[in-house]
Amino acid sequence: MAIARNSDQFLLDAYTGQGGFITGAYLVQHHSESSEAFARRQALAVYPNFVRKIVDVYLGLLWRQAPSRDAGEAYAAFAVNADGAGHNLDYLLASYQRLAMLLGTVYVIVDKPITPSATRADEKPPYIAHRLPAHLVRSSVDSSGVWFSVTFSEMSDGAAVYRTFTRTGWVLSEDAAGTRIIAQGEHGLGRVPVVALHSAYPINPTDKRAMSWVFDLVQLNWSLYNMESGLNALFRDQEFSVFAMPVSDGTERERLQQEGLVLGTQNGLLYDPANGGEPKFIAPPDGPVKQHMEKNAATVQDLYRIANLEFVGGVQQSGVALSFHFQEANSALSTMADLCEQAEREIAQLVHAWQGQVFEGHIAYPRDFNLTDVAQALTLAMDAVSLSLSPRFDRELKKRLVKQILGSDTAPDVLAAIDAEIDADGDVYGDRVAQAAGSAGP
């Protein structure tokens, strides 16, 4: 059965580690592998989940500092309970952004409960809900790429129903065409109350879905998953050496087989060297295992390289190379922050529109994630080493650099241990900077 590696479910499974990754359905059978051997390999498959690790690293950096909001009391009250179920806006947007990183885009509906009320003050506030690309049934846009209408599928009492939003109202129907109407109403917003949250800029600016940010990472992680499974199979098949014992003729072979030859540490084996060779164990060659391990290690580095996280992967590089990767990572983070800021600004406009107001506030997401500061610190450290400043200055600079690279998430005892290594001249981080500075030349 073909594996739909570009499907939304495959991308989601790559993050959760569930689905075909846990059942082995995402493994590819080798052309010379028996069905029994493949089934055994599927049962033993373990998924090395680098996709989740990388996504969580980026998401943690994105939301380490909360956005700055100056949008009035009404919006502040909305942000405390943004979905009407007790979840605050930061939590929801971070969750939506995770999904957007996996699927490319998440659609955020800004709706308002339908409740009879005497005054606007008695009305329930707006709330947000999300839909995945798989829920988008159809949509239409004008020449500028602005929605005329959007239709999503959803489940109601075990049956599929379809909710359509237009610039003037909404329709809930039993069919996607909206002919068998269940309920309908007007909202008077003047626009479709749906916001597209992207993780990257769409190829076409008017497109309503972007490419998955993790697509290339998922493909590499899937490849690594298959290679790791093959390596485990090699280990199992070659775990024990084959015992070879020479026999003089077929009669002796049959006798040994009938007696049930058993070897162990509590018994011995007698043999006649004159009538045959010496018994021995034959070990399989280690070449295939070494090749698999080298290929797996290279694939892991490719994963970090694509995500611009070489400084996490453990490969020693020059300060210039590290600075480049820091800038690339910072650029990706800044793009995500900008897109989330744009989406929230649209959400704020709709929240105010639902309440008969115009949004005139300010929303700003952090754009500097300290990666540039780390790159600058690396340059400063290399300059300090090149200038041969005092040993104490050098040690203190290295300690500061370590804290900037590892951040506040590192346990204090780990930082203390690294400081002790620096003081004892056993600092691998300082050696790395010194090597980079030395290789740069005068």
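The values are calculated or read from the model by the stated rules, or taken from the named source; none is laboratory data. Small disclaimer: the values here were computed from a predicted structure and weren't measured. Every residue, glycine among them, receives a Cβ derived from its backbone with ideal geometry; neighbour counts consider all protein chains shown.
Total residues in segment 184-202 satisfying the condition of being assigned to a loop (DSSP other than H, G, I, E, B) and among the small types (Gly, Ala, Ser): the figure is 4.
Looking only at helices (runs of 4 or more DSSP H) that fall completely inside segment 49-134, which ones have 1 or more residues that are more than 24 Å from the chain's Cα centre (by Cα) and surrounded by 13 or more Cβ atoms within 10 Å (Cβ to Cβ)?
Details: elements: 50-62, 72-80, 89-103.
The helices (runs of 4 or more DSSP H) meeting that bar are 72-80.
Against the conditions (1) over 37 Å from the mean Cα position of the chain (by Cα); (2) in a loop (DSSP other than H, G, I, E, B), ASP207 satisfies every one except (1).
Check segment 19-38 and report whether any residue there is part of a helix (DSSP H, G or I), out of contact with any Asp or Glu (no Cβ under 7 Å at 6 or more places or on another chain) and over 19 Å from GLU228 (Cβ atoms). Reasoning before the result, please.
Of all residues in segment 19-38, those part of a helix (DSSP H, G or I) come to 20-23, 35-38.
Within this subset, residues satisfying the condition of being out of contact with any Asp or Glu (no Cβ under 7 Å at 6 or more places or on another chain) are 22-23, 35-38.
Within this subset, residues satisfying the condition of being over 19 Å from GLU228 (Cβ atoms) are 35-36.
Yes.
Pairs are defined by a Cβ separation below 6 Å, a sequence spacing of at least 6 or placement on different chains, a first member in segment 2-29 that is without any contact (Cβ under 8 Å) to a residue 40 or more places away in the chain, and a second member that is of a type in the set (D, E, K, R) and exposed (fewer than 15 other Cβ atoms within 10 Å of the Cβ); no pair meets this definition.
Got at least one residue in segment 327-336 being of a type outside the set (A, V, I, L, M, F, W, C), in contact with a helix residue (DSSP H, G or I) (Cβ under 7 Å, 6 or more places away or on another chain) and at pLDDT 70 or above? Looking through segment 327-336, at least one residue is of a type outside the set (A, V, I, L, M, F, W, C), in contact with a helix residue (DSSP H, G or I) (Cβ under 7 Å, 6 or more places away or on another chain) and at pLDDT 70 or above. Taking the condition hydroxyl-bearing (Ser, Thr, Tyr) and closer than 21 Å to LEU350 by Cβ, does THR179 pass? So THR179 fails the test.
Of all residue pairs spaced 6 or more apart or on separate chains, those with beta-carbon atoms under 9 Å, a first member in segment 289-307 that is farther than 25 Å from TRP213 by Cβ and a second member that is surrounded by fewer than 16 Cβ atoms within 10 Å (Cβ to Cβ) are VAL289/PHE235; VAL289/GLN238. Check whether at least one residue in segment 287-309 is under 23 Å from the mean Cα position of the chain (by Cα), assigned to a helix (DSSP H, G or I), at pLDDT below 70 and crowded, with 20+ Cβ neighbours inside 10 Å, and report yes or no. The answer is no, given that none of the residues of segment 287-309 is under 23 Å from the mean Cα position of the chain (by Cα), assigned to a helix (DSSP H, G or I), at pLDDT below 70 and crowded, with 20+ Cβ neighbours inside 10 Å. Here SER140 clears all of (1) more than 25 Å from LEU92 (Cβ to Cβ); (2) in contact with a Ser or Thr (Cβ under 8 Å, 6 or more places away or on another chain); (3) surrounded by 12 or more Cβ atoms within 10 Å (Cβ to Cβ) except the condition numbered (3). Within 21 Å of the chain's Cα centre (by Cα), modelled with pLDDT under 95, assigned to a helix (DSSP H, G or I) and under 30 Å from LYS399 (Cα atoms), is that true of ALA377? Considered against the rule, which asks whether it is within 21 Å of the chain's Cα centre (by Cα), modelled with pLDDT under 95, assigned to a helix (DSSP H, G or I) and under 30 Å from LYS399 (Cα atoms), ALA377 comes out as no. Among the residues of segment 157-179, the ones that are without any contact (Cβ under 8 Å) to a residue 12 or more places away in the chain and surrounded by 12 or more Cβ atoms within 10 Å (Cβ to Cβ) come to 2 in all. Annotation: of all residues in segment 218-243 being among the aliphatic types (A, V, I, L, M) and within 19 Å of the chain's Cα centre (by Cα), the one that is modelled with the highest pLDDT is VAL218. Would you check which residues across segment 59-76 are at pLDDT 85 or above and in contact with a Leu (Cβ under 8 Å, 6 or more places away or on another chain) and list them? Scanning segment 59-76 gives a single hit, LEU62.
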